[in-house]
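Worksheet: one structure, shown below.
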Amino acid sequence: MLFETQNFLIKDVDTNSTLTYKEPESIYDMCWYPFMNSNDPSSCCFAVSSKDQPIHLWDAYNGSLRASYALIDHRERFVAPNSLCFTPDGTKILCGYFNSLAYFDVLTPGSDYTHIPLIASRKSIDGQKGIVSALSVCQTRGLIAVGTYSKTIFLYDMETFEPVLMLPEFQSGLTQIEFSHDGNFLFTASRCDDSIKVWDLRNCDEPLLEFPRKGMINQRLYFQLTSDYLITGDTDGTVSFYDINCLETGRMVNKKIGRDSIPAAKLFGDLLVTCQGSRCFEDEEVEKNISMWTIKNINFE
């Protein structure tokens with residue numbers, strides 16, 4: 001069954017921003033500190049990567065800049081990572097950019113970092129080439145998943161950064177990759193793709209299954225992975241919940257909440273936050289908003 005109306009309601013809240021953070025250039029990526037807890041102000045922070053700037057660690061309580069981490073190239077210019085993530089223990093910031101990874105110790109701001117090239121040289125035919133567009137870390141298995149706009153995903157050992165597994169090439173560039181909580185499965189999304197693919201890392205010759213969603217657009221459509229659900233929006237204003245505890249059945253329930261693309265949908269307890277909007281011509285009438293919904297229960301077919 002679909003969501004019943006009383007189970008999916010708009011929540012009347014004040015949506016005025018509490019704090020505003022201004023970066024000098026366009027933002028490439030951001031990530032929250034993994035142990036963020038609003039009851040502990042010291043844990044409330046997030047990292048941001050923006051064009052031609054160091055990585056900035058912002059305080060989410062008072063809006064101050066806590067620290068900067070600078071990637072610098074051979075011409076002494078700042079390099080902005082295309083993708084960011086904290087390691088699960090919160091001690092390092094992992095960065096992905098052209099043909100490379102790097103990581104910073106969170107407690108050591110500045111330009112002291114470890115560089116990990118993904119190819120031996122620019123002319124090398126081996127290794128993983130291209131802009132690193134997506135990252136995910138699995139602490140339990142000691143793996144880092146690296147996706148690129150060049151349509152590849154490699155898995156690396158966290159200690160040695162040696163490649164241990166390569167997935168089959170995709171049809172388009174990767175936009176998001178996430179490990180399951182047990183580390184046995186990898187969920188992937190790519191540009192202009194009508195599905196989120198699930199890979200069993202014990203046998204990844206082909207996807208274990210695909211979760212359909214309308215995604216024929218260059219805009220990133222993010223998904224959220226919880227212990228019970230995969231939650232995603234699509235290009236026609238629909239939010240879908242998939243039951244990941246029964247992967248073989250692909251059980252799902254969805255609800256159309258608008259007309260325009262939903263690039264992000266996040267569940268926090270019984271509160272669902274959705275972001276809606278896409279690039280359009282000025283004379284087009286589209287919805288561009290952030291909405292909050294309360295969910296009383298989720299009933300699958």
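The values are calculated or read from the model by the stated rules, or taken from the named source; none is laboratory data. Remember, it's a predicted structure, so these values are computed and weren't measured experimentally. FYI the Cβ positions are ideal-geometry reconstructions off the backbone, even for glycines, and counts take in every protein chain you see.
Considering region 163-234, the qualifying strands (runs of 3 or more DSSP E), each wholly inside and each with 2 or more residues that are of a type in the set (Val, Ile, Thr) and in contact with a Pro (Cβ under 9 Å, 6 or more places away or on another chain), run over 195-200.
Do you know which of the residues in region 113-130 that are outside any strand (DSSP E or B) and among the aliphatic types (A, V, I, L, M) is farthest from Tyr156 (Cα to Cα)? Looking at the filtered set, the residue picked out is Ile125.
The rows are residues; the columns are (1) more than 18 Å from Lys151 (Cβ to Cβ); (2) in contact with a Leu (Cβ under 7 Å, 6 or more places away or on another chain); (3) not aromatic (Phe, Trp, Tyr).
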| site | (1), (2), (3) |
| --- | --- |
| Phe185 | yes, yes, no |
| Ser190 | no, yes, yes |
| Asp193 | no, no, yes |
| Cys204 | no, yes, yes |
| Glu210 | no, no, yes |
| Asn218 | no, no, yes |
| Asp236 | yes, no, yes |
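Among the residues examined, Asp126 does not qualify as closer than 29 Å to Glu162 by Cβ, acidic (Asp, Glu) and either touching a strand residue (DSSP E or B) at 6+ places or on another chain (Cβ under 9 Å) or surrounded by 13 or more Cβ atoms within 10 Å (Cβ to Cβ) (or both).
Note on region 40-78: residues that are among the aliphatic types (A, V, I, L, M), part of a loop (DSSP other than H, G, I, E, B) and surrounded by fewer than 18 Cβ atoms within 10 Å (Cβ to Cβ) amount to 1. Scanning region 137-148 for residues that are on the phi > 0 side of the Ramachandran plot, surrounded by 15 or more Cβ atoms within 10 Å (Cβ to Cβ) and of a type outside the set (A, V, I, L, M) turns up nothing. None of Ile153, Ile196 is surrounded by 18 or more Cβ atoms within 10 Å (Cβ to Cβ), of a type outside the set (Phe, Trp, Tyr), touching a strand residue (DSSP E or B) at 6+ places or on another chain (Cβ under 6 Å) and farther than 23 Å from Pro81 by Cα except Ile196. Answer yes or no as to whether Leu225 is out of contact with any Asp or Glu (no Cβ under 8 Å at 6 or more places or on another chain) and among the aliphatic types (A, V, I, L, M). Judged against the criteria, Leu225 is not a match. Among residues of region 221-265 being more than 17 Å from Trp199 (Cα to Cα), among the charged types (D, E, K, R) and crowded, with 17+ Cβ neighbours inside 10 Å, the one that is nearest to the chain's Cα centre (by Cα) is Asp234. When Pro81, Pro24 are checked against the criterion of being at pLDDT below 95, closer than 25 Å to Ser133 by Cα, in a loop (DSSP other than H, G, I, E, B) and touching a strand residue (DSSP E or B) at 6+ places or on another chain (Cβ under 8 Å), a single residue qualifies: Pro24.
Residues in region 91-112 that are in contact (Cβ under 8 Å) with a residue 40 or more places away in the chain, at negative phi and surrounded by fewer than 19 Cβ atoms within 10 Å (Cβ to Cβ): Pro109, Ser111. When Leu186 is tested against the conditions (1) at pLDDT below 90; (2) out of contact with any Ser or Thr (no Cβ under 7 Å at 6 or more places or on another chain), the lone failure is (1). Could you say whether any residue in region 145-163 is within 26 Å of Asn254 (Cβ to Cβ), in contact with a Gly (Cβ under 9 Å, 6 or more places away or on another chain) and free of Cβ contacts under 8 Å to residues at least 40 places away in the same chain? Checking region 145-163: not a single residue is within 26 Å of Asn254 (Cβ to Cβ), in contact with a Gly (Cβ under 9 Å, 6 or more places away or on another chain) and free of Cβ contacts under 8 Å to residues at least 40 places away in the same chain.
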